[in-house]
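Structure first, commentary second.
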Amino acid sequence: EADIYQTPRYLVIGTGKKITLECSQTMGHDKMYWYQQDPGMELHLIHYSYGVNSTEKGDLSSESTVSRIRTEHFPLTLESARPSHTSQYLCASSGGTDTQYFGPGTRLTVL
Amino acid sequence: KNQVEQSPQSLIILEGKNCTLQCNYTVSPFSNLRWYKQDTGRGPVSLTIMTFSENTKSNGRYTATLDADTKQSSLHITASQLSDSASYICVVSDRGSTLGRLYFGRGTQLTVWP
C-alpha cells in the first residue's frame, strides 16, 4: 500500500470559511497532484507540482491554491468555501515512472 | 479531443461469476493504459499497466487486454469475490506530456452479491 496520507478524511464546513486539506507522502516522490471527483464522475486534475517551489494549475479551473515548500507535503487551500466546492479531493504522487499513487481522499461538504 | 469511455456504467454479478469491463479511448499519442480499482471512500489503486506492445497482462484474478489498433481495452475478473465490489477506472497516459498526464474514464461500478 502506498504511503500517502490525507487529512481530514471528512470535513463539513459553513460557507465562507477558510480550509486547508493536507496531503503528505513518505516515498520521496517529486511529482504530486490534486484531483477533484464528484460521485460517478471521472477524476479531474486541478493542481500539480514537479517538485519543491513548483506548482501548476490543472485541467479543471479551481478557486483553490496549493503550495509545495517541502517535497513530502502538498496542501490545498480554499480561502472562502462555497457549496459548489462540495466534492471529493484526491491527492496523488509519482516518482520515476508515471504511476500515480493515491491517498484515501478528503470528502468536503460545504453547507 | 482525448477521451476515455467505459462500459457498462454499472454491473451486478453473483459471487463466483466472471465479468468483463470495457474501455475505449481516443487519447493520442498513446503511452500506456492502466486499470485502477477504487473502493468506496478510498483513492484508486493500480491493478495493471499496459504499454503499446502488450496485448494481455494478468494480476491474480484480473486479466487486462489491450488492442492498440482499435483503441480498446478490457478487464476480465475471474471467480468474483465480494471484495471485488468497487469502481474500476480505465486511465490512459498521453505520451506527449512530460507530466505523465492521465485521462480518466468515469469508471464501471461493480457490485458482487453473495
**Message:** Report every pair of residues separated by at least 6 positions or lying on different chains whose Cβ atoms are under 9 Å apart, first residue within region B:1-14 and under 20 Å from residue B:83 (Cβ atoms) and within 10 Å of another protein chain (Cβ to nearest Cβ), second surrounded by 12 or more Cβ atoms within 10 Å (Cβ to Cβ) and not β-branched (Val, Ile, Thr).
**Reply:** B:10/B:109; B:10/B:110
**Request:** Could you tell me which numbered condition residue A:10 fails, if it satisfies all but one of (1) facing chain B (nearest Cβ under 10 Å); (2) farther than 18 Å from residue B:38 by Cβ; (3) open to solvent by 70 Å² or more (accessible area, probe 1.4 Å)?
**Result:** (2)
**Message:** Checking the conditions here, which among A:38, A:98 is open to solvent by 60 Å² or more (accessible area, probe 1.4 Å) and not polar (S, T, N, Q)?
**Reply:** A:38
**Request:** Find the residue count for region B:28-66, including only residues that are in a strand (DSSP E or B) and among the small types (Gly, Ala, Ser).
**Result:** 4
**Those strands (runs of 3 or more DSSP E) lying entirely in region A:1-91 with at least 1 residues charged (D, E, K, R) and closer than 25 Å to residue B:92 by Cα** = A:31-37
**Prompt:** Taking residue B:34, is it at pLDDT below 90 and within 14 Å of chain A (Cβ to nearest Cβ)?
**Reply:** no
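The values are calculated or read from the model by the stated rules, or taken from the named source; none is laboratory data. None of the values given here were measured: they were computed from a predicted structure. Neighbour counts run over all protein chains shown; Cβ positions are idealised from the backbone, glycine included. Each accessible area value is taken on the protein alone, full model and side chains, heavy atoms only, with ligands, DNA and RNA left out. Shrake-Rupley method; radii C 1.70, N 1.55, O 1.52, S 1.80 Å.
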